[in-house]
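Take a look at the structure below.
The values are calculated or read from the model by the stated rules, or taken from the named source; none is laboratory data. Keep in mind the model is a prediction, meaning the values are calculated, not measured. Positions of Cβ are generated from backbone atoms using ideal geometry, with glycine treated the same way; all protein chains shown enter the neighbour counts. Protein only, heavy atoms only, side chains kept; ligands, DNA and RNA dropped before computing areas. Shrake-Rupley method; radii C 1.70, N 1.55, O 1.52, S 1.80 Å.
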Amino acid sequence: MPIPVRARDLKDKKQRGEKIAMLTAYDANMARLLDRAGVDALLVGDSLGMVVLGYQTTVAVTLDAMIHHTAAVARGTTRALVVADMPFLTYQANVAEAVHNARRLIQEGGAAAIKLEGGHAVIDVVTRLVDVGVPVMGHLGLLPQSVHQVGGFVRQATNERDADTLLADALALEQAGAFSIVLEAIPSEVARTVTNELAIPTIGIGAGPDCDGQVLVSSDMLGLFDGHVPSFVKQYAHLNETVVSAAQSYIEDVKAGRYARPASTVTGAPTA
Ligand code: KIV
(Lines give C-alpha, C1' and ligand atoms only; values in the text may rest on other atoms or scores of the structure.)
Protein backbone atom coordinates (compact mmCIF):
# COMPACT_ATOMS: atom_id res chain seq x y z
CA MET A 1 0.00 0.00 0.00
CA PRO A 2 1.58 3.38 -1.00
CA ILE A 3 2.13 6.07 1.62
CA PRO A 4 -0.60 8.71 1.13
CA VAL A 5 0.47 12.26 0.26
CA ARG A 6 -0.50 14.72 3.02
CA ALA A 7 -0.99 18.49 2.86
CA ARG A 8 2.25 18.88 4.81
CA ASP A 9 4.15 16.95 2.09
CA LEU A 10 3.36 19.66 -0.49
CA LYS A 11 5.01 22.29 1.71
CA ASP A 12 8.03 20.02 2.15
CA LYS A 13 8.22 19.61 -1.63
CA LYS A 14 8.51 23.37 -2.05
CA GLN A 15 11.33 23.46 0.48
CA ARG A 16 13.15 20.72 -1.44
CA GLY A 17 12.55 22.51 -4.76
CA GLU A 18 10.39 19.66 -6.09
CA LYS A 19 7.49 20.60 -8.36
CA ILE A 20 3.92 19.54 -7.50
CA ALA A 21 1.75 17.84 -10.16
CA MET A 22 -2.00 18.15 -9.58
CA LEU A 23 -4.94 17.24 -11.83
CA THR A 24 -8.69 17.32 -11.43
CA ALA A 25 -10.78 14.14 -11.12
CA TYR A 26 -14.50 13.65 -10.73
CA ASP A 27 -14.99 9.88 -10.66
CA ALA A 28 -13.37 6.75 -9.21
CA ASN A 29 -12.02 5.33 -12.47
CA MET A 30 -10.20 8.49 -13.58
CA ALA A 31 -8.93 8.95 -10.02
CA ARG A 32 -7.53 5.41 -10.10
CA LEU A 33 -5.72 6.05 -13.41
CA LEU A 34 -4.27 9.43 -12.41
CA ASP A 35 -3.28 8.10 -8.98
CA ARG A 36 -1.55 5.17 -10.66
CA ALA A 37 0.30 7.65 -12.92
CA GLY A 38 1.69 9.28 -9.77
CA VAL A 39 0.07 12.71 -9.43
CA ASP A 40 0.73 14.32 -6.06
CA ALA A 41 -2.80 15.66 -5.62
CA LEU A 42 -6.25 15.21 -7.14
CA LEU A 43 -8.61 18.16 -7.11
CA VAL A 44 -12.31 17.43 -7.14
CA GLY A 45 -12.87 20.85 -8.67
CA ASP A 46 -16.21 22.52 -9.03
CA SER A 47 -15.21 22.61 -12.72
CA LEU A 48 -17.29 19.43 -12.33
CA GLY A 49 -20.21 21.68 -13.23
CA MET A 50 -18.82 22.51 -16.67
CA VAL A 51 -16.84 19.38 -17.49
CA VAL A 52 -19.22 16.70 -16.26
CA LEU A 53 -22.63 18.23 -15.54
CA GLY A 54 -22.98 20.44 -18.64
CA TYR A 55 -23.35 23.86 -16.97
CA GLN A 56 -21.82 27.04 -18.44
CA THR A 57 -20.15 28.01 -15.14
CA THR A 58 -19.28 26.50 -11.75
CA VAL A 59 -21.91 28.57 -9.95
CA ALA A 60 -24.67 25.94 -10.06
CA VAL A 61 -22.62 23.18 -8.41
CA THR A 62 -24.13 22.12 -5.09
CA LEU A 63 -22.48 20.80 -1.94
CA ASP A 64 -24.32 17.47 -2.36
CA ALA A 65 -22.93 17.10 -5.90
CA MET A 66 -19.40 17.84 -4.63
CA ILE A 67 -19.76 15.28 -1.83
CA HIS A 68 -21.06 12.64 -4.26
CA HIS A 69 -18.12 13.09 -6.67
CA THR A 70 -15.51 13.55 -3.92
CA ALA A 71 -16.56 10.21 -2.41
CA ALA A 72 -16.12 8.54 -5.80
CA VAL A 73 -12.64 10.07 -6.25
CA ALA A 74 -11.64 9.12 -2.69
CA ARG A 75 -12.71 5.50 -3.37
CA GLY A 76 -10.46 5.42 -6.45
CA THR A 77 -7.40 6.96 -4.77
CA THR A 78 -4.78 5.25 -2.64
CA ARG A 79 -1.88 7.73 -2.69
CA ALA A 80 -2.69 11.23 -4.00
CA LEU A 81 -3.94 13.99 -1.71
CA VAL A 82 -7.68 14.41 -2.42
CA VAL A 83 -8.68 18.09 -2.28
CA ALA A 84 -12.36 19.04 -2.66
CA ASP A 85 -13.63 22.44 -3.78
CA MET A 86 -16.15 24.15 -1.53
CA PRO A 87 -18.85 25.31 -3.95
CA PHE A 88 -20.16 28.86 -4.42
CA LEU A 89 -21.73 30.40 -1.28
CA THR A 90 -21.15 27.36 0.94
CA TYR A 91 -18.44 29.16 2.97
CA GLN A 92 -19.14 32.89 2.71
CA ALA A 93 -22.29 33.35 4.83
CA ASN A 94 -20.56 32.73 8.16
CA VAL A 95 -17.76 30.73 9.74
CA ALA A 96 -20.07 28.17 11.40
CA GLU A 97 -21.72 27.28 8.10
CA ALA A 98 -18.31 26.98 6.41
CA VAL A 99 -17.11 24.58 9.15
CA HIS A 100 -20.33 22.55 8.85
CA ASN A 101 -19.95 22.25 5.06
CA ALA A 102 -16.22 21.44 5.20
CA ARG A 103 -17.07 18.70 7.72
CA ARG A 104 -19.44 17.14 5.16
CA LEU A 105 -16.80 17.17 2.40
CA ILE A 106 -14.32 15.49 4.72
CA GLN A 107 -16.56 13.05 6.62
CA GLU A 108 -19.06 12.14 3.88
CA GLY A 109 -16.85 12.81 0.84
CA GLY A 110 -13.56 11.51 2.20
CA ALA A 111 -11.57 14.62 1.18
CA ALA A 112 -8.23 15.13 2.92
CA ALA A 113 -8.27 18.90 2.32
CA ILE A 114 -10.60 21.56 0.96
CA LYS A 115 -10.06 24.45 -1.45
CA LEU A 116 -11.90 27.76 -1.42
CA GLU A 117 -11.74 30.90 -3.54
CA GLY A 118 -10.83 34.39 -2.40
CA GLY A 119 -8.48 36.46 -0.25
CA HIS A 120 -9.35 38.96 2.49
CA ALA A 121 -13.07 38.05 2.32
CA VAL A 122 -12.41 34.46 3.48
CA ILE A 123 -9.56 34.93 5.97
CA ASP A 124 -11.81 34.38 9.03
CA VAL A 125 -13.11 31.17 7.51
CA VAL A 126 -9.62 29.89 6.64
CA THR A 127 -8.33 30.71 10.13
CA ARG A 128 -11.17 28.80 11.81
CA LEU A 129 -10.96 25.79 9.48
CA VAL A 130 -7.21 25.50 10.04
CA ASP A 131 -7.70 25.96 13.81
CA VAL A 132 -10.09 23.00 13.90
CA GLY A 133 -7.82 20.76 11.83
CA VAL A 134 -8.95 21.19 8.22
CA PRO A 135 -6.13 21.61 5.66
CA VAL A 136 -7.09 24.55 3.41
CA MET A 137 -5.87 25.34 -0.11
CA GLY A 138 -6.49 28.93 -1.21
CA HIS A 139 -7.36 30.09 -4.73
CA LEU A 140 -6.52 33.58 -6.08
CA GLY A 141 -6.48 35.32 -9.46
CA LEU A 142 -9.33 34.30 -11.71
CA LEU A 143 -12.09 33.11 -9.38
CA PRO A 144 -14.60 31.17 -11.50
CA GLN A 145 -17.27 31.38 -8.77
CA SER A 146 -17.25 35.19 -9.18
CA VAL A 147 -17.77 35.03 -12.94
CA HIS A 148 -21.01 37.02 -12.79
CA GLN A 149 -19.32 39.81 -10.85
CA VAL A 150 -16.14 39.87 -12.94
CA GLY A 151 -18.03 39.58 -16.22
CA GLY A 152 -16.27 36.56 -17.72
CA PHE A 153 -13.29 34.24 -17.48
CA VAL A 154 -10.64 36.95 -17.87
CA ARG A 155 -6.99 37.22 -16.79
CA GLN A 156 -6.53 38.94 -13.43
CA ALA A 157 -3.91 41.08 -11.64
CA THR A 158 -2.87 42.73 -14.89
CA ASN A 159 -2.16 46.14 -13.31
CA GLU A 160 0.12 47.06 -10.42
CA ARG A 161 -2.66 47.79 -7.94
CA ASP A 162 -4.41 44.44 -8.54
CA ALA A 163 -1.08 42.61 -8.42
CA ASP A 164 -0.32 44.23 -5.03
CA THR A 165 -3.78 43.25 -3.74
CA LEU A 166 -3.24 39.68 -4.89
CA LEU A 167 0.12 39.49 -3.12
CA ALA A 168 -1.44 40.89 0.08
CA ASP A 169 -4.23 38.29 -0.16
CA ALA A 170 -1.69 35.50 -0.67
CA LEU A 171 0.31 36.59 2.39
CA ALA A 172 -2.90 36.80 4.43
CA LEU A 173 -3.92 33.27 3.38
CA GLU A 174 -0.49 31.97 4.35
CA GLN A 175 -0.72 33.78 7.69
CA ALA A 176 -4.19 32.25 8.24
CA GLY A 177 -2.67 28.78 7.82
CA ALA A 178 -3.45 27.78 4.21
CA PHE A 179 -1.07 25.00 3.13
CA SER A 180 -0.92 26.08 -0.53
CA ILE A 181 -2.57 28.47 -2.99
CA VAL A 182 -3.85 27.98 -6.54
CA LEU A 183 -2.99 30.97 -8.77
CA GLU A 184 -5.28 31.05 -11.79
CA ALA A 185 -4.86 33.11 -14.98
CA ILE A 186 -2.47 35.81 -13.81
CA PRO A 187 0.70 37.20 -15.45
CA SER A 188 3.85 35.10 -14.98
CA GLU A 189 5.71 37.97 -13.23
CA VAL A 190 2.96 38.29 -10.61
CA ALA A 191 2.93 34.52 -10.03
CA ARG A 192 6.75 34.57 -9.70
CA THR A 193 6.67 37.35 -7.10
CA VAL A 194 3.96 35.62 -5.06
CA THR A 195 5.80 32.29 -5.28
CA ASN A 196 9.04 33.90 -4.07
CA GLU A 197 7.33 35.72 -1.19
CA LEU A 198 5.53 32.66 0.21
CA ALA A 199 6.86 29.70 2.19
CA ILE A 200 3.81 27.64 1.14
CA PRO A 201 3.60 26.30 -2.42
CA THR A 202 1.77 28.03 -5.26
CA ILE A 203 -0.01 25.82 -7.77
CA GLY A 204 -0.47 27.61 -11.09
CA ILE A 205 -3.06 27.24 -13.81
CA GLY A 206 -2.41 29.66 -16.66
CA ALA A 207 0.05 31.50 -14.41
CA GLY A 208 3.37 30.83 -16.11
CA PRO A 209 6.35 28.58 -15.39
CA ASP A 210 7.49 29.82 -11.98
CA CYS A 211 4.83 28.42 -9.63
CA ASP A 212 5.77 25.55 -7.32
CA GLY A 213 3.41 23.23 -9.18
CA GLN A 214 0.64 23.10 -11.73
CA VAL A 215 -2.99 22.00 -11.77
CA LEU A 216 -4.95 21.39 -14.97
CA VAL A 217 -8.47 20.19 -15.62
CA SER A 218 -7.79 16.57 -16.59
CA SER A 219 -10.37 16.42 -19.38
CA ASP A 220 -8.79 19.55 -20.94
CA MET A 221 -5.26 18.17 -20.91
CA LEU A 222 -6.44 14.73 -22.08
CA GLY A 223 -8.43 16.31 -24.93
CA LEU A 224 -11.58 14.65 -23.61
CA PHE A 225 -13.69 17.75 -22.96
CA ASP A 226 -15.86 18.52 -25.97
CA GLY A 227 -16.15 22.25 -25.23
CA HIS A 228 -13.90 25.32 -25.05
CA VAL A 229 -10.39 24.56 -23.76
CA PRO A 230 -8.36 27.54 -22.45
CA SER A 231 -5.47 28.55 -24.73
CA PHE A 232 -2.82 27.96 -22.02
CA VAL A 233 -3.64 24.25 -21.71
CA LYS A 234 -1.10 21.83 -23.17
CA GLN A 235 -3.01 18.81 -24.51
CA TYR A 236 -1.24 15.48 -24.01
CA ALA A 237 -3.88 13.43 -25.87
CA HIS A 238 -7.00 13.89 -27.98
CA LEU A 239 -9.30 11.38 -26.35
CA ASN A 240 -12.47 12.99 -27.69
CA GLU A 241 -11.45 11.90 -31.22
CA THR A 242 -10.61 8.42 -29.94
CA VAL A 243 -14.06 8.14 -28.32
CA VAL A 244 -15.93 9.31 -31.43
CA SER A 245 -13.99 7.01 -33.74
CA ALA A 246 -14.39 3.98 -31.40
CA ALA A 247 -18.14 4.66 -31.13
CA GLN A 248 -18.38 4.92 -34.94
CA SER A 249 -16.64 1.54 -35.34
CA TYR A 250 -19.03 0.10 -32.76
CA ILE A 251 -22.07 1.47 -34.61
CA GLU A 252 -20.80 -0.03 -37.88
CA ASP A 253 -20.32 -3.42 -36.18
CA VAL A 254 -23.80 -3.38 -34.65
CA LYS A 255 -25.43 -2.38 -37.94
CA ALA A 256 -23.58 -5.25 -39.64
CA GLY A 257 -24.68 -7.69 -36.92
CA ARG A 258 -21.14 -8.11 -35.54
CA TYR A 259 -22.09 -8.27 -31.87
CA ALA A 260 -19.87 -8.98 -28.88
CA ARG A 261 -19.22 -12.65 -28.06
CA PRO A 262 -21.96 -14.37 -26.07
CA ALA A 263 -21.23 -14.59 -22.34
CA SER A 264 -19.71 -17.98 -21.51
CA THR A 265 -20.12 -18.79 -17.85
CA VAL A 266 -19.05 -16.29 -15.22
CA THR A 267 -17.83 -13.04 -16.85
CA GLY A 268 -16.37 -11.29 -13.81
CA ALA A 269 -17.66 -8.24 -11.98
CA PRO A 270 -20.43 -6.34 -13.77
CA THR A 271 -19.28 -3.05 -15.32
CA ALA A 272 -22.69 -1.38 -15.20
O1 KIV B 1 -12.57 23.72 -10.25
C2 KIV B 1 -11.42 23.54 -10.69
O3 KIV B 1 -11.12 22.62 -11.47
C4 KIV B 1 -10.39 24.47 -10.24
C5 KIV B 1 -9.10 24.46 -11.00
C6 KIV B 1 -9.29 25.12 -12.31
C7 KIV B 1 -8.00 25.07 -10.23
O8 KIV B 1 -10.60 25.23 -9.36
Could you grab me the full set of residues in segment 240-262 that are of a type outside the set (Gly, Ala, Ser) and either assigned to a loop (DSSP other than H, G, I, E, B) or within 19 Å of the chain's Cα centre (by Cα) (or both)?
ARG258, TYR259, ARG261, PRO262
By residue number, the members of segment 127-154 that are at pLDDT below 95, part of a loop (DSSP other than H, G, I, E, B) and open to solvent by 20 Å² or more (accessible area, probe 1.4 Å) are GLY151, PHE153, VAL154
Single unsatisfied condition, ASP124 versus (1) open to solvent by 20 Å² or more (accessible area, probe 1.4 Å); (2) within 16 Å of the ligand (Cβ to nearest atom)
(2)
Scanning segment 180-239 residue by residue, the ones that are hydroxyl-bearing (Ser, Thr, Tyr), open to solvent by 30 Å² or more (accessible area, probe 1.4 Å) and assigned to a helix (DSSP H, G or I) total 2
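Sort out which residues of segment 82-100 are charged (D, E, K, R) and in contact (Cβ under 8 Å) with a residue 40 or more places away in the chain, and write them in order of number. Show your work before the answer.
Filtering segment 82-100 for residues charged (D, E, K, R) gives 85, 97.
If the condition is that a residue be charged (D, E, K, R) and in contact (Cβ under 8 Å) with a residue 40 or more places away in the chain, then ASP85 is the only one that fits.
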With ARG103, ARG75, ARG79 as the choices, which residue is away from the ligand (no atom under 15 Å from the Cβ), among the basic types (Lys, Arg) and free of Cβ contacts under 8 Å to residues at least 40 places away in the same chain?
ARG103
Being among the small types (Gly, Ala, Ser) and either open to solvent by 70 Å² or more (accessible area, probe 1.4 Å) or at negative phi (or both): is that true of GLY177 here?
no
